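Worksheet: one structure, shown below.
Here, each number is a calculation from the coordinates, and none is a lab measurement. This is a predicted model, so every value here is computed, not measured. Ideal geometry is used to build each Cβ from the backbone, glycine not excepted, and the neighbour counts take in all protein chains shown.
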Amino acid sequence: MYRIPSLLVFFLLWFSSCQSTKTSIRQYCKACLDPEDGIIIDDLASPMLSVMQNNELWDIMKLVFEKEGFINVYDRYELDYEFFNNNIKGIDSQEDREQLALKLGIKYILKPSVLQTRESEGFMYDAINPNTSKYSFPREVHPIPRKPAENQSILQYELIETSSGEVVYRVDFVNSDLGFIDDDGDDYNISTVMKTLRAGTRKGTKFTIADCSCPKKKYAKRRKFWEKLGH
């Protein structure tokens, strides 16, 4: 039997313990986005976040769209002049949405929302006597970490087709971030709910515009592979 070098084991354990925001996906879709599609990204106005935090996540979405080559992506306020000239009052009524499609070429409205946030409560400890390995009173105990800290958030995207008013795409991004501890039980968790939301927003936006397969799964790797081949 081959033995794994102790240094390699150390690095594997260290790497697995480091923080990494993980995103799982719950998805419904029947829409394919094209870089020339007109899209309005609606306000992200979660009561669980501050105005600054909401705006930060919205800016991340817009930046990802731009980097992916989408040239007709707006917020609702950028088009005030066009709305006024075409007697469009907003983006919420179906009558106005039909006019967005007909007169301004806006095909979709992306409605982002934060469904849930959960802040870590820190590490849980069991009070155990190091000599007897049994639970005992505080003056005799040595705290033993029971589980890592975790922050979690759920970010949802809904894509509304303006011409029909139909929700053609809905996806929930469940984002979690684990901390880790050292042998002395020190808490090194530097994760926050906003950290999970930032990562989830980047991943979620790329996922949404990546390709047309449902579920998309390995969308990024597959797309990059074909791009390298010139397709």
Query raised in the report: Where does the charge balance sit around N55 when Lys and Arg score +1, Asp and Glu -1, over other residues with C-beta under 15 Å from its C-beta?
Result: -3
Query - Set K67/K195; K89/K203; K62/K195; K103/K203; K62/K89 screened for pairs whose C-alpha atoms are more than 29 Å apart - result: K89/K203; K103/K203
Query - Under 14 Å, Cβ to Cβ, from I88 - net charge with Lys/Arg +1 and Asp/Glu -1 - result: -3
